[in-house]
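The values are calculated or read from the model by the stated rules, or taken from the named source; none is laboratory data. Worth saying up front: this structure is predicted, and the values here are computed from it rather than measured. Cβ placement follows ideal geometry from the backbone for every residue including glycine, while neighbour counts extend to all protein chains displayed. We work out accessible area using only protein heavy atoms, side chains counted, and drop any ligands, DNA or RNA first. Shrake-Rupley method; radii C 1.70, N 1.55, O 1.52, S 1.80 Å.
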Amino acid sequence: MHRRLVAALVLAAAAAFGNPAAAEGLTPEARAELEVLRTGDMRKLILHDAAKPPLEVEFVTPEGAARRFTDFDGPVVLVNLWATWCPPCLHEMPSLDRLAAAMRGEGVDVVTVNVERGGRDKAGAWMEEQGLENLGVYVDERMRLG
């Protein structure tokens, strides 16, 4: 089931955030499989008929370098917003770190963006403390993504 959930999330990310070619590649069978998973915690999963353009919001690295979602190479960019004060966020970060490692070279970028005041100081320190090595440290200092 775990592999199916990861596959479902990646396919859903392709449908929601990927390029139009990736979204058009979602077969009726794959869509039906994703629809079956829309229960419990996944009940709010939205499958769009066509890909949506990437958000044009800037976020930054700890050094202050600006980044946008269009800066990432993969046809699929899985985005996670998180904060160090959010217990569910902290619980899922190790899984996202493993997912980023597993998907390296597969055309999937896992982008976690911290959305809290003082995030530039907090995010990197917390990730280092936890031994998360496969996720970049990004911060939405202006809190526009949420």
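Some points to look at:
- Screening Ala65 against (1) more than 29 Å from Pro28 (Cβ to Cβ); (2) in contact (Cβ under 8 Å) with a residue 12 or more places away in the chain leaves a single unmet condition, (2).
- When residues of region 56-76 are limited to those that are modelled with pLDDT under 85 and surrounded by 15 or more Cβ atoms within 10 Å (Cβ to Cβ), the one nearest to the chain's Cα centre (by Cα): Val76
- Residue count for region 105-129, restricted to those that are part of a helix (DSSP H, G or I) and aliphatic (A, V, I, L, M): 3
- For Leu47, the stated conditions do not hold, so it cannot be described as in contact (Cβ under 8 Å) with a residue 12 or more places away in the chain, aliphatic (A, V, I, L, M), open to solvent by 50 Å² or more (accessible area, probe 1.4 Å) and touching a helix residue (DSSP H, G or I) at 6+ places or on another chain (Cβ under 7 Å).
- Answer residue from region 83-133, given it is closer than 21 Å to Glu58 by Cα and among the polar types (S, T, N, Q) and is farthest from the chain's Cα centre (by Cα) among those: Thr84
- Note on region 77-94: among residues that are open to solvent by 20 Å² or more (accessible area, probe 1.4 Å) and among the β-branched types (Val, Ile, Thr), the one that is modelled with the lowest pLDDT is Val79.
- Residues of region 132-146 that turn out to be open to solvent by less than 40 Å² (accessible area, probe 1.4 Å), part of a loop (DSSP other than H, G, I, E, B) and not hydrophobic (A, V, I, L, M, F, W, C), as a count: 2
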